[in-house]
Structures are given as C-alpha cells and as structure tokens.
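Read through the structure below, which is laid out as structure tokens, and then see the notes.
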Amino acid sequence: MYKDKSVLDDYSSLFFSINNKDYIKKSFTIINNKNDHIFQDILPKYFNGPCRTGQLMMSQDIVDSLDCTHKSSTNLMVEAGVGIGKSFAYLVPILLYLKYFKGKIVLSTSSILLQNQLESDINVLTKILISHQVLLTFPEVLIAKGKTRYICIKRLNEYSGQNKELQDIKTKYDKNKSLKRLQDIENEYSEIDQDICVKNCIKKKCEFCDKCSYFMMRKQAKSTVSNMIIITNHDMFVNDRKLYQQNPDYAIFGKVNYVVFDEAHNLEDKVRNAYLFSMSFRYISSTMKRIRNKKVFNRNQKILDLCDELARCNSILFNRLYEDITDRVNNMPDKEKPLRLNFEYETYSLILNKVKDILADIQYEVAYSGYDSFERRSNKDDNSTEDTIKDVQISLNNFEMYLDAIINRDANYFTWVEFDYIKRNINRKSISINTSVRNIGEWLRYLVFNKKDLGCLLTSATLSSSSNVDDFDDPEDAYAYISESIGLKCDQNTTLLNEPINSPYDYKENMKIFIDAQVPPPTPSNHFIPELSHAILNAVNMTQGRSLILFTSKYDMNEVYRFLTKSSLPYEIFVQKGNSFEVLKKFKDNEQSILLSTGNFWEGINVPGRTLSQVIIARLPFPVPDPISEDKKRLYIEKNGDASHFIDNVVVPEMLIKLRQGIGRLIRNEND
C-alpha cells in the first residue's frame with residue numbers, strides 16, 4: 001500500500017549515503033509503492049481511463065532495473081505495443097528515482113519528434129506529481145542535439161555572404177543578437193548548413209561562447225546538478241560514450257547512471273551513423289576553403305599551392321566516381337535505382353594515395369604555421385591564431401584517420417559509395433565515399449552493455465518480429481534478432497528480457513488487411529509499377545484520400561506519384577521530399593489528402609483520426625541489397641561458418657520489424 005507519510009519523504013534523505021544498503025532498500029520500497037499509486041490512482045484521473053495494466057507492469061520492471069544498478073550493471077529489454085504509454089512507464093520511475101538518488105539519466109531516441117514529446121511529457125508529469133506532493137521540484141531537463149542542429153556564430157559571420165539562405169539567417173540573428181533568438185532560428189531548420197553549423201567547437205576560447213547555444217548546452221550537460229535528465233539522440237550518446245572511454249573529461253555528458261534507448265529497434269543503424277565518415281567533393285572543397293580563408297594560412301604560399309593541388313585531385317576523384325557509378329547503374333537490368341554501391345578501391349588507389357600525401361604536407365605546413373605564430377605571439381592581431389590552427393588540425397586529423405581506414409582497408413571498417421538522383425540521373429554533387437565500423441554489437445558491448453556503473457533500458461513498439469507473444473516460447477526467442485544485431489548477450493545476471501507487452505488496441509475489430517492478388521511480384525518486368533499504380537488508385541478512391549502510401553524505393557514512389565497526378569483525383573497529393581516536417585503538416589491539415597513517402601515515414605509519425613484511414617504498403621520492406629546488407633551477410637558467415645540461415649535469422653526479422661512499424665502508423669488511439 002502507498003503511505004502518505006514517510007521518514008524518507010523529503011530531501012533530507014539525500015544526506016544519507018546512497019551506498020548505504022539500508023537506505024537503498026527503504027528508498028526503493030517507497031519508490032515501488034509510489035509508482036503503483038501514481039499509475040493506479042493518480043494518472044487515471046487526468047487521462048480519462050482505468051489504469052493500463054501493461055504500462056504498470058512495465059514501470060514496475062523499470063523500478064527493479066533501477067534498483068539493480070546499485071548492485072551491478074543491468075540491461076532491461078521491453079517491447080511495449082502502441083498504446084501502452086511506454087514514455088510514461090519509464091518517466092515515472094525515473095522521476096521518483098531522481099528524488100531519492102543523485103544521478104544523471106539519459107533518454108536517447110532516434111527522432112527529434114520524440115525528443116520534443118519527452119520534454120513535454122516530463123513537464124506534464126512533474127506538474128501532476130507536484131500537485132499531489134509526490135515530487136517537490138522540477139528536475140533539470142536538457143535537450144542535447146547533434147552538431148548539425150546548432151549555428152556557429154563565428155562561421156555564420158564568415159560564410160553568410162555565400163548564398164541567400166545563409167544571409168537570411170544572419171539577418172534574422174542580427175536583429176536580436178541573443179542566445180534565445182539564436183535558439184529560435186535553429187528550431188526553424190531541420191538541419192543547419194554544414195558551412196555554418198558547429199563542427200569543431202573551441203568552446204571557452206571562442207569570442208562568441210556566451211551567445212552560443214551549443215556551448216551553453218555543453219556547459220549545462222557538464223554541470224554537477226544532483227539530478228538531471230538529458231534528452232538526446234542515439235548518434236550523439238554513442239559518440240559521447242566514445243569520448244568518455246578515451247577520457248571522461250572529453251565527454252559532454254560525463255558520468256551517466258542510466259540510459260533509456262527508446263526506439264531501440266533503430267540502434268544498430270544509429271551506431272553505424274555515429275561512426276560514419278563521409279568524404280564528398282563538397283567536404284574536401286569546404287575543408288580547403290576554410291584553410292584558404294584564414295589569415296594565418298593565406299600568407300603561406302606553400303599551403304595555398306597544396307590546397308590548389310588537392311582541389312585538382314578532388315575534381316579528378318569525383319569526376320571518375322561519377323562516370324563509374326553512371327556506367328554501373330546504366331548497365332543494371334532492373335529499373336530499380338540503387339543509392340549505394342560497393343567502393344572499388346583498386347580503381348582509385350593511386351588518386352587516394354595522392355590525396356593522402358598532399359594532406360600530410362598540408363598538416364605539416366599547418367603545424368609549422370602554428371610554431372611560426374607562437375614566435376610572433378606579441379602581435380595583438382594573432383590572439384585567436386592558436387585556436388584557428390587547432391580547429392583546422394582537428395578537421396585534418398579526422399580526415400586523415402578515416403582516409404587511412406579506406407586506403408588500408410581496415411578489417412574493422414567497410415567502405416561504400418552513396419549518391420542520389422535528380423529525376424532519373426545521378427546527382428553529381430550527392431556522391432560520397434563512406435566508411436564506418438562493421439561489428440556494431442562489439443562496439444555497443446564495449447561502450448554500454450558491459451559497463452558495471454551504467455544501467456540500460458531498451459524499448460520500442462517493435463523489438464520482436466511478431467506482435468503476438470504466443471508466437472514465442474520465451475523472451476529470448478522473441479528478441480533473438482535484435483539482441484544479436486546490437487550485441488546484447490542474454491545473460492540472466494546482467495540482462496533482463498521481458499515478454500513483449502501487447503498493444504491494448506483492438507486490431508481485429510478496428511483494422512482490416514487487404515492483399516491485392518492482382519498485383520504481380522516486383523520483378524524487372526514492366527508490369528509491377530502499372531498494376532501497383534492502378535491498385536493504389538482504386539484504394540485511395542475507396543477512402544476518399546486519407547491515405548499514407550509507404551514505399552521502400554524512391555523510384556517506385558516517384559513513378560506512382562506521376563501516375564496519380566495524371567489521374568484527375570479530387571484529392572491533394574503530397575510526396576515526401578525536402579522538409580519532412582512541412583509535408584507531414586500539410587497532410588495532417590488536409591483531411592482528404594494522400595501522402596506518398598519512404599524512409600523515416602515508416603515510423604515515428606502520429607496522425608490519429610480520419611485523416612489517416614488507410615496505410616498502403618507498396619511492397620514488403622525487405623532490406624535492399626547494398627553494401628551494408630552485404631557486409632551483414634559477411635559478418636554472419638564469419639560468425640556461423642556459412643549463410644544457410646541468413647535469410648531466416650536476419651533478412652526476414654529485419655523486414656518484419658519494419659513492416660510492423662509501417663502498419664503501426666494506422667491505429668494510433670483507441671478510437672481509430
């Protein structure tokens with residue numbers, strides 16, 4: 001039973017040592033009682049419904065997981081179906097935990113939408129719990145975004161004359177040069193131009209640090225506040241853990257007591273992105289331009305000549321890549337247009353080694369410039385020279401590290417080329433040579449799962465390949481694919497696998513599935529797209545628009561879009577491109593509309609009500625054969641000896657998880 005009064009019910013309890021076993025035991029008894037009271041008695045009053053059994057069970061498991069962190073590292077995995085209310089299920093135990101124990105807890109997601117929602121949920125929950133005297137104060141909450149979400153004022157001043165968009169940003173900022181105004185401008189953009197976003201921040205040494213939102217975020221994250229919740233993304237958290245392993249002082253978040261990976265089904269891809277290095281024509285050009293534009297370097301003719309030489313190599317390399325990729329794509333029998341191809345190192349070894357040699361010469365000259373400027377430090381014009389040189393050296397060192405991984409064909413990395421299209425032609429400017437780590441599971445075990453002082457919760461609506469818990473003998477079978485892909489070993493001493501919690505929504509009653517047997521299989525023939533287009537036309541007419549159409553291929557999406565726009569439909573038709581938030585808002589605001597989409601619209605979007613009455617899945621979302629899936633297959637063979645069960649154990653579960661995400665866009669509340 002919940003007790004209103006307790007000797008430990010105020011912050012005087014913090015004077016006890018958290019290592020005191022008696023204090024820990026009493027505190028968690030109170031936390032358990034209060035947790036049950038909140039879900040059974042308090043929250044139903046505010047959300048017009050009875051206590052959600054699945055939500056309560058999940059929260060109780062999370063309390064136990066937090067309790068275990070005082071004994072040893074514990075990793076908890078829980079699949080929570082749509083409608084369970086998983087965010088509240090982990091936020092309530094976390095808020096209670098931070099009342100009785102000092103600590104820093106990270107909520108890591110894969111989407112900006114969920115990050116903003118979590119901030120709102122914490123605010124709502126805390127107000128409710130304070131009004132019932134369960135909590136006394138608001139916790140410190142910080143949203144920490146990636147560097148591409150922050151504007152560097154120093155670079156904005158340098159590059160604002162390059163194009164109209166950058167000039168507009170500077171004009172907006174100049175009207176009110178405050179930190180709040182800068183943050184408002186940053187929130188207007190889904191991503192900041194790479195020339196003006198924060199890359200290699202020099203922190204306190206920068207003249208604009210007191211007005212910089214990125215520096216303020218770092219400062220707040222590093223603070224010694226006794227109880228803090230940091231909301232961030234998977235990429236940034238993993239990158240911060242990398243820094244923490246090198247030296248705790250380097251990390252932004254410092255020591256973290258517990259991390260929640262929400263949308264954990266995306267963790268493998270996000271870790272790969274965290275280790276990703278992308279070398280494009282623009283990346284090399286921008287790096288050289290930054291060097292040329294610095295006063296300390298533009299008086300060094302040797303550096304300028306080397307930059308010119310590297311620029312010529314850059315043009316040769318990416319012109320060759322463009323021609324090679326165009327030939328390879330044009331010779332493919334299938335109309336499907338790939339976005340990734342294997343990088344044929346032998347073809348480019350000479351030019352890449354030439355780039356490496358020039359880069360080494362530039363690094364030497366940059367270092368010499370630093371020594372030269374030190375000799376002339378008495379000159380007041382050179383006060384910021386040291387910072388400028390360090391900034392450039394960091395960029396060049398990163399460039400060199402990943403270039404070495406490509407050239408040396410490091411067994412721990414793999415490399416591919418990536419590109420996009422303008423209409424049906426390859427976009428020359430989009431071509432990049434990418435490299436990233438191979439065995440994601442090993443990296444995650446090293447950074448997160450095997451840490452004795454870090455507890456972890458992994459949750460999502462789709463961690464298993466089936467929505468029916470009866471399909472599995474035990475949780476280990478349910479989570480077999482996701483556990484293997486992220487390196488979570490099913491050890492009862494360190495890992496708790498809970499049975500998937502089914503959604504409370506009545507899918508059998510509220511949703512119908514229709515499979516059009518008239519549409520032929522997607523083959524290289526010309527019949528699939530026309531038949532698919534006619535089937536979609538009939539389907540959207542049945543629901544008078546109100547449809548989300550999900551594709552696995554931009555080619556399919558654009559072909560169907562062309563067909564529908566020529567069909568004289570009385571509904572607004574939107575297609576995903578550019579700003580995803582903007583097109584989603586237009587779809588939500590226009591009830592009888594149609595949205596064609598791919599990529600990130602398979603998950604994370606929430607459109608309850610009649611506006612989204614139908615989800616059409618153009619084809620099963622099997623992973624596209626590309627360098628990433630090929631490397632997964634190689635890893636599978638290395639671990640298992642052959643690929644005989646690769647499709648059953650990897651390809652099919654990966655497809656089913658994405659399929660479940662797509663289907664999950666339809667029923668968003670009990671009234672849908």
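From the residues in segment 609-668 that are part of a loop (DSSP other than H, G, I, E, B), surrounded by 15 or more Cβ atoms within 10 Å (Cβ to Cβ) and β-branched (V, I, T), which one is modelled with the lowest pLDDT? Ranking the qualifying residues of segment 609-668, first place goes to I667.
When you look at E572, is it among the acidic types (D, E) and at pLDDT 90 or above, yes or no? Yes; evaluated as a whole, the condition is true for this residue.
Residue by residue, here is whether (1) within 23 Å of N606 (Cβ to Cβ); (2) surrounded by fewer than 24 Cβ atoms within 10 Å (Cβ to Cβ); (3) among the β-branched types (V, I, T) holds:
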site	(1), (2), (3)
F47	yes, yes, no
M57	no, yes, no
Q60	no, yes, no
N75	no, no, no
Y100	no, yes, no
T109	yes, no, yes
Q115	yes, yes, no
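Filtered by the rule that a residue be in a helix (DSSP H, G or I), open to solvent by 60 Å² or more (accessible area, probe 1.4 Å) and within 22 Å of D420 (Cβ to Cβ), segment 557-588 gives Y561, R562, T565, F581, E582. Filtered by the rule that a residue be crowded, with 18+ Cβ neighbours inside 10 Å and either β-branched (V, I, T) or in contact with an Asp or Glu (Cβ under 7 Å, 6 or more places away or on another chain) (or both), segment 29-41 gives I30, I31, I38. One residue stands out in segment 195-222 among those that are in contact with a strand residue (DSSP E or B) (Cβ under 8 Å, 6 or more places away or on another chain) and in a loop (DSSP other than H, G, I, E, B): the one that is modelled with the lowest pLDDT, namely I196. Within segment 344-356, is even one residue open to solvent by 40 Å² or more (accessible area, probe 1.4 Å), under 30 Å from Q162 (Cα atoms) and hydroxyl-bearing (S, T, Y)? Within segment 344-356 (the criterion being open to solvent by 40 Å² or more (accessible area, probe 1.4 Å), under 30 Å from Q162 (Cα atoms) and hydroxyl-bearing (S, T, Y)), the answer is no, since none of the residues qualifies.
Counting only helices (runs of 4 or more DSSP H) that sit wholly inside segment 429-548, those with at least 2 residues that are aliphatic (A, V, I, L, M) and touching a helix residue (DSSP H, G or I) at 6+ places or on another chain (Cβ under 9 Å) are 440-444, 480-486, 528-542.
For segment 219-251, a residue qualifies if it is open to solvent by 10 Å² or more (accessible area, probe 1.4 Å), over 15 Å from the mean Cα position of the chain (by Cα) and among the aliphatic types (A, V, I, L, M), and the qualifying residues are V225, L243.
Selection of segment 135-150 for residues being assigned to a helix (DSSP H, G or I) and surrounded by fewer than 19 Cβ atoms within 10 Å (Cβ to Cβ) yields K147, T148. Considering segment 252-273, and only residues there that are within 19 Å of P627 (Cα to Cα) and open to solvent by less than 10 Å² (accessible area, probe 1.4 Å), the residue that is modelled with the lowest pLDDT turns out to be V271.
The values are calculated or read from the model by the stated rules, or taken from the named source; none is laboratory data. What you see is a predicted model, and the numbers here were worked out from it, not measured in a lab. Cβ: placed from backbone, ideal geometry, glycine included. Neighbour counts: every protein chain shown. Side chains included, ligands, DNA and RNA excluded: accessible areas come from the protein's heavy atoms. Shrake-Rupley method; radii C 1.70, N 1.55, O 1.52, S 1.80 Å.
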